[in-house]
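S.K.: Pasting in a structure now, in structure tokens, and then I'll have a few things to ask.
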Amino acid sequence: MFTGEYRHSVDDKGRLAVPARFRVQLGEGAFVSGWIDGCLAIFPRRDWDALADKVAAIPIADAGGRTFSRFLFAGAFEVDLDRQGRLVVPAGLRKWAGLEGEAVVVGARDHAEIWAPARWETYRAEMESPDALAQHLTGLGI
């Protein structure tokens, strides 16, 4: 399970150090892609395959499903960790996510997310508002 929040630098070549706690889960390969809310997602291969199967099950006549499929797969790249536990975030994804010099890596249960620090702080402040949090929990059975 991916949990926690970590700050890491992104070097000029687009290399990002993966938090040590996440490296074992990504050791058999991973995929990085644009994700919901303006961040990037890193999925272990097995979870990426499970997500791909879910997307493939969406009827082709579903316009929203086609849009999500294109969004997800057009910007997805298979990545490997180097000996120092880094992965290369492709330039197009770095630009789309606003990553320049620093990133926040956030655990999100079955995947990790990579956020531009300013975007994460804005999102986190909205997410942690007691009223907003209570509203989001409504109807979830928690």
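The values are calculated or read from the model by the stated rules, or taken from the named source; none is laboratory data. Bear in mind that the values here come from a model prediction, so they are computed numbers and not experimental data. Cβ placement follows ideal geometry from the backbone for every residue including glycine, while neighbour counts extend to all protein chains displayed.
S.K.: Checking GLY98 against (1) at positive phi; (2) touching a Lys or Arg at 6+ places or on another chain (Cβ under 8 Å); (3) modelled with pLDDT under 95: exactly one of these is not met. Which one?
M.R.: Looking at each condition in turn, GLY98 falls short on (3).
S.K.: Follow-up question, since we're still on this one. State all residues of region 19-57 that are under 22 Å from PHE73 (Cβ atoms), part of a loop (DSSP other than H, G, I, E, B) and in contact (Cβ under 8 Å) with a residue 60 or more places away in the chain; if no residue qualifies, say none.
M.R.: Pass one, region 19-57, residues under 22 Å from PHE73 (Cβ atoms): 25-26, 28-57.
Then drop every residue that is not part of a loop (DSSP other than H, G, I, E, B), which leaves 28-29, 35, 39, 57.
The answer is TRP35, CYS39.
S.K.: Right, something else. Just a yes or no: is a residue in region 112-124 on the phi > 0 side of the Ramachandran plot, in contact (Cβ under 8 Å) with a residue 40 or more places away in the chain and not basic (Lys, Arg)? Give the steps one after another, and end with the answer.
M.R.: Step one: filter region 112-124 for residues on the phi > 0 side of the Ramachandran plot, giving none.
The answer is no, given that none of the residues of region 112-124 is on the phi > 0 side of the Ramachandran plot, in contact (Cβ under 8 Å) with a residue 40 or more places away in the chain and not basic (Lys, Arg).
S.K.: Answer yes or no: is there a residue in region 109-125 that is under 15 Å from the mean Cα position of the chain (by Cα) and of a type in the set (Asp, Glu).
M.R.: yes
S.K.: Restricting to region 68-86, and then to whatever is free of Cβ contacts under 8 Å to residues at least 60 places away in the same chain and under 20 Å from TYR6 (Cα atoms), can you tell me which residue is surrounded by the fewest Cβ atoms within 10 Å (Cβ to Cβ)?
M.R.: Step one: of region 68-86, the residues free of Cβ contacts under 8 Å to residues at least 60 places away in the same chain are 68-80, 83.
Next, from what is left, pick out any that are under 20 Å from TYR6 (Cα atoms): 79-80, 83.
On the way: VAL79: 19, ASP80: 12, ARG83: 5.
The selected residue is ARG83.
S.K.: Next question. Given (1) among the acidic types (Asp, Glu); (2) out of contact with any helix residue (DSSP H, G or I) (no Cβ under 6 Å at 6 or more places or on another chain); (3) farther than 16 Å from ALA30 by Cα, where does GLU102 come up short, assuming only one miss?
M.R.: (2)
S.K.: Among the residues that make up region 102-113, is at least one of them assigned to a helix (DSSP H, G or I) and not acidic (Asp, Glu)? Outline the logic, then answer.
M.R.: Our first condition is that a residue be assigned to a helix (DSSP H, G or I); within region 102-113, this holds for none.
No, there is no match, as no residue in region 102-113 is assigned to a helix (DSSP H, G or I) and not acidic (Asp, Glu).
S.K.: Right, something else. Restricting to region 87-111, count the residues that are closer than 16 Å to ARG7 by Cα, among the charged types (D, E, K, R) and either without any contact (Cβ under 8 Å) to a residue 60 or more places away in the chain or crowded, with 19+ Cβ neighbours inside 10 Å (or both).
M.R.: Looking only at that region, the number is 1.
S.K.: Also: So which residues in region 58-82 are among the acidic types (Asp, Glu) and either under 15 Å from ARG94 (Cα atoms) or in a strand (DSSP E or B) (or both)?
M.R.: Applying the first criterion (among the acidic types (Asp, Glu)) to region 58-82 yields 62, 78, 80, 82.
Answer for region 58-82, where residues must be among the acidic types (Asp, Glu) and either under 15 Å from ARG94 (Cα atoms) or in a strand (DSSP E or B) (or both): just GLU78.
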